[in-house]
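> Would you mind keeping the following structure in view while I ask a few things?
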Amino acid sequence: MDERLKQFEDKMKKAYEFLAADFATIRAGRANPHVLDKIKVDYYGTPTPIQQVGNISVPEARMIQIAPWEKNLIREIEKAIMASDVGITPSNDGSIIRLVFPELTEERRKELVKEVKKKGEESKVAVRNIRRDGNDTFKKLAKEEVSEDEIKQLEDKLQKLTDKFVKDIDALVEEKSKEILTV
């Protein structure tokens, strides 16, 4: 692949991967350990990802268990979960923290699907902005003794890349929407 195109493809791929990672943190009724990805626990004065202070497991479809490696971290982990946007109150038995996910209401599912579609649109806009930047860059190449045909080819390839990533984003949105609406 042309080096001039590669940088724009990498940016589009990052936009897609960011969306996929963002979707992983949206809870769809089932317990998904990724909803804890953004949560940091105060570990001896250092904000530390929750995955690095305990063992996270999913013993049931709607429950996450966190077994801290140090008992004194239970309070800190609970505090971090309460302060986050997970929206679930943790319970503990002195050694294990449990997060029980309630069944999502139909209304909440529809709200989540709207949110997913909105994030998908934002990602498509980001991809199109990258295409625009690429086309601007290619137009500047005309001043550097690059033929118009070559510039046209670069723009066509960039458009194909854009179409591919927009299609991939649509598929990701569709898949996540279906997952959310499945009871």
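> Taking LYS110 as the residue in question, decide whether it is among the basic types (Lys, Arg), within 30 Å of LYS164 (Cβ to Cβ) and outside any helix (DSSP H, G or I). Full working, then the answer.
Numbers: among the basic types (Lys, Arg): yes; within 30 Å of LYS164 (Cβ to Cβ): yes; outside any helix (DSSP H, G or I): no.
No, not satisfied.
> Taking only region 65-89 into account, find how many residues are without any contact (Cβ under 8 Å) to a residue 40 or more places away in the chain, in contact with a helix residue (DSSP H, G or I) (Cβ under 8 Å, 6 or more places away or on another chain) and part of a loop (DSSP other than H, G, I, E, B).
Qualifying residue count for the region: 2.
> Name the residue that is nearest to VAL173 (Cα to Cα), counting only residues in region 90-101 that are open to solvent by less than 70 Å² (accessible area, probe 1.4 Å) and assigned to a loop (DSSP other than H, G, I, E, B).
PHE101
> Restricting attention to region 108-129, report how many residues are in contact with a Phe, Trp or Tyr (Cβ under 8 Å, 6 or more places away or on another chain) and of a type outside the set (D, E, K, R).
3
> Looking only at residues that are free of Cβ contacts under 8 Å to residues at least 24 places away in the same chain and open to solvent by 70 Å² or more (accessible area, probe 1.4 Å) in region 157-174, which one is farthest from ARG4 (Cα to Cα)? Talk me through it step by step, then tell me what you get.
So in region 157-174, the residues free of Cβ contacts under 8 Å to residues at least 24 places away in the same chain come out as 160, 163-164, 167, 171, 174.
From the residues that got through so far, the ones that are open to solvent by 70 Å² or more (accessible area, probe 1.4 Å) too are 160, 163-164, 167, 174.
Values: LYS160: 15, ASP163: 18, LYS164: 18, LYS167: 22, GLU174: 32 Å.
Selected residue: GLU174.
> Examine region 85-105 for a residue that is over 30 Å from PRO59 (Cβ atoms) and within 28 Å of the chain's Cα centre (by Cα), and state whether such a residue exists.
The first filter runs over region 85-105 and keeps only residues over 30 Å from PRO59 (Cβ atoms), leaving none.
Among the residues of region 85-105, not one is over 30 Å from PRO59 (Cβ atoms) and within 28 Å of the chain's Cα centre (by Cα), which makes the answer no.
> Looking at (1) surrounded by 14 or more Cβ atoms within 10 Å (Cβ to Cβ); (2) touching a residue at least 40 places away in the same chain (Cβ under 8 Å); (3) not aromatic (Phe, Trp, Tyr), which is the only condition ASP2 fails?
The number of the failed condition is (1).
> Now a separate question. Working only within region 35-58, note down all residues that are among the polar types (S, T, N, Q), in a strand (DSSP E or B) and closer than 15 Å to LEU99 by Cβ.
Hits for region 35-58 are ASN55, SER57.
> For residues that are open to solvent by 100 Å² or more (accessible area, probe 1.4 Å) and touching a helix residue (DSSP H, G or I) at 6+ places or on another chain (Cβ under 9 Å), tally how many sit in region 139-151.
2
> For region 8-58, give me the residue count where each residue is open to solvent by 70 Å² or more (accessible area, probe 1.4 Å), out of contact with any Lys or Arg (no Cβ under 8 Å at 6 or more places or on another chain), touching a residue at least 60 places away in the same chain (Cβ under 8 Å) and of a type outside the set (A, V, I, L, M, F, W, C).
Residues meeting the conditions: 2.
> A further question follows. Restricting region 121-138 to residues that are open to solvent by 20 Å² or more (accessible area, probe 1.4 Å) and more than 15 Å from PHE165 (Cα to Cα), which is nearest to the chain's Cα centre (by Cα)?
Only one residue fits best here, namely ASP133.
The values are calculated or read from the model by the stated rules, or taken from the named source; none is laboratory data. These numbers were taken from a predicted model, which means no experiment stands behind them. Virtual Cβ from ideal backbone geometry, glycine too; neighbours counted across all protein chains shown. Ligands, DNA and RNA are stripped out before the accessible areas are found, and what is left, the full protein with its side chains, is counted by its heavy atoms. Shrake-Rupley method; radii C 1.70, N 1.55, O 1.52, S 1.80 Å.
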